[in-house]
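Below is one structure, written out as structure tokens; the observations come after it.
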Amino acid sequence: MDRRTLILSAGAAATLAAPSLRAQAPWPNAPVRIIVGFPPGGGTDALARVVSAKLTEMWKQQVIVETKAGAAGVLAAEYLSQQPPDGTQLMMAHINSHALAPSLQPKLRYHAERDFTPICLVGVTPNLLIAHPGQKALTVPDIVALCKAEPGKVTFGSAGPGSAQHLALELFKLQAKVDALHVPYKGSGPLLIDLIGGQIQYCFDTMTAATPHVKSGKVIAIAQTRAKRAKGHPTVPTMQELGFAGFEATTWYGLVGPAKLPAAIVQKVNRDVNAVLAMPDVQEKLETYGAEDGGGSAEKFGDFIKAEIALWARVVKEGNVKVDS
């Protein structure tokens, strides 16, 4: 091959390669879905929509919240674990699917650590112990007395068997040495509808989901379940303040992707979500919902998930908590 032919061949190869290089547009180059494992109206859905709206503006690309409700978030996690790691589908992970289910459901069809890529913690919230305003027992000591007077009859709703709300109830029963009737629902939305309607008496629900109804007076906030009072509810006492030493049952939310999500996508989403969480209007919303201490690195979120899995494994064992798998 002479020099002129070699140059022409090299030029042709470069020309053929150019379209391939041009095709690699910056991510995201297609709509991104944030999968939510609970019905609209709950805390996971609310925070996902706050984040998705801001990312849509930042990326100039649609970020869509898609509901795949069922089994206290497990169905959504199972779905995401089977998706390709191309960044088009992420998930608003939740304590239920990524910290409680591993201990409560031995036949779980995903591994909470191995099958996901942690991206960013969005927030940690207390649960609120709330009641229909028509209830006579509207303090923790009165509720304990009522449960002792009517063992197994006082109704507490939850977002589903094995949910964070359910585990908060089980911790309450252990520490108060009482029995109560657990009434599971498919998410916070239908749970709150029945509490407001008077079909159930009490529930430990996420502060994110319960706050709007507390503010409107449709339900009464009796206590909160984090060691410190949330900024959004400074007048509501903690369970620890009311004599329940070490009572801490939180709900947390954070973005994850499928396993093997490219590091460049993880870094971009983490950086941009941290920027979203720092926005004053977002901070105001999160504070109202009681979602605090979000942000940080992907590695920090991964370590947090591991610690939560270990913590709730101990609680499930000590409380002998069982759910139908």
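General remarks:
- By average C-beta atoms within 10 angstrom, highest first, the peptides 92-105, 41-54: 92-105, 41-54
- Of Cys147, Tyr202, Phe38, farthest towards positive along the dipole that unit charges on Lys, Arg, Asp, Glu beta carbons give the chain: Phe38
- Residue pairs, from the table Lys60/Lys268; Lys148/Lys173; Lys173/Lys285, whose Cα atoms sit over 22 Å apart: Lys173/Lys285
- Calculated mean residue ellipticity at 222 nm for the chain: -13500 deg cm²/dmol, from DSSP H runs with n ≥ 4 weighted as -39500 (n - 2.57), summed, divided by the residue count and rounded to 500.
- Listed from fewest to most Cβ neighbours within 10 Å, the set Glu78, Glu170 follows the order Glu78, Glu170.
- Taken about its Cα centre, the chain carries a charge dipole of roughly 400 debye when the Cβ of each Lys and Arg holds +1 and the Cβ of each Asp and Glu holds -1.
- Nearest-ten-degree value, helix 3-23 long axis tilted from longest Cα axis of the chain: 20 degrees
- Annotation: the antiparallel percentage among DSSP beta bridges lying fully within the stretch 126-224 is about 60.
- Of the beta bridges in the chain, as assigned by DSSP with both residues counted there, near 60 percent are antiparallel.
- Along principal axes, Cα extents of the chain, largest first, whole Å: 99, 41, 31
- With Cα atoms, 0 to 90° folded angle of helix 164-176 axis to the chain main axis: 30 degrees
Quick note: the coordinates plus some simple rules give every number you see, no bench work behind them. From a predicted model like this one, the values you see are computed outputs, not experimental measurements. As a convention, Cβ positions derive from the backbone with ideal geometry for all residues, glycine included, and neighbour counts pool all protein chains shown.
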